[in-house]
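Take a look at the structure below.
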Amino acid sequence: MTIPNLITILRILLVPILIIYLINNRPLASLIIFIIASASDALDGFIARVFHQKSNLGAHLDPLADKILLMTAFITLAILKMIPSWLVVLTISRDVIILLGVLVLYINRYPVKIAPTLLSKATTCIQIATILIVLSNGFLNIEFLKIYSFWLAALLTIASGLQYIRTGMIILSKGVNKDFA
């Protein structure tokens, strides 16, 4: 067990705490927990690279932790009517499509290397920023930024989803092994 993997597990364990604070209308506590969880994503990757602690477990656990954090936050914020439901449906649909794509490749015996694309990383960053904007709105009065972050998150989510679909189709049609996550 590496330090980055422990940090990733901590991020997963923070998710229920975040949800409890959100549903109990504790905006500052929710914001703090989300900031810690988001920062832990950057920290575990930094430690893994700098101290050569990359692991196969981490390669799979880190994106899973991101999905758990983001999906849970998006769903909860939609239920609380703080994020539009269409954005949540779009975000979850992209992740389900990616998962189904990986499953199809696995079933067809194409090895899949888990490696997010630059566009996927940008999508994750914008989704995190969107949640931060929504959670910070009560403190910073940045209501005008919310709609822009919703649309930017939607556009990047669609673009990265289409990129993964294209990559999966190329792999299936040509038998080329590409990175996919």
So is T8 assigned to a helix (DSSP H, G or I), touching a Gly at 6+ places or on another chain (Cβ under 7 Å), surrounded by 15 or more Cβ atoms within 10 Å (Cβ to Cβ) and not small (G, A, S) or not?
yes
Selection from the stretch 1-37 of residues modelled with pLDDT under 95 and closer than 14 Å to L135 by Cα yields none
Can you tell me which of S120, S136, S85, S149 is over 29 Å from N25 (Cβ atoms) and either crowded, with 20+ Cβ neighbours inside 10 Å or among the small types (G, A, S) (or both)?
S120
Assess whether K67 counts as being surrounded by 15 or more Cβ atoms within 10 Å (Cβ to Cβ), of a type outside the set (S, T, Y) and free of Cβ contacts under 8 Å to residues at least 40 places away in the same chain.
yes
Would you call K81 basic (K, R) and either touching a Lys or Arg at 6+ places or on another chain (Cβ under 8 Å) or assigned to a loop (DSSP other than H, G, I, E, B) (or both)?
yes
Checking V50 against (1) closer than 19 Å to I75 by Cβ; (2) at pLDDT below 95; (3) loosely packed, with under 15 Cβ neighbours inside 10 Å, only one condition comes out false. Which one?
(1)
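The values are calculated or read from the model by the stated rules, or taken from the named source; none is laboratory data. Since the model is a prediction, treat every value here as computed from it, not as a measurement. Note that we place each Cβ from the backbone using ideal geometry, even for glycine, and neighbour counts take in every protein chain shown.
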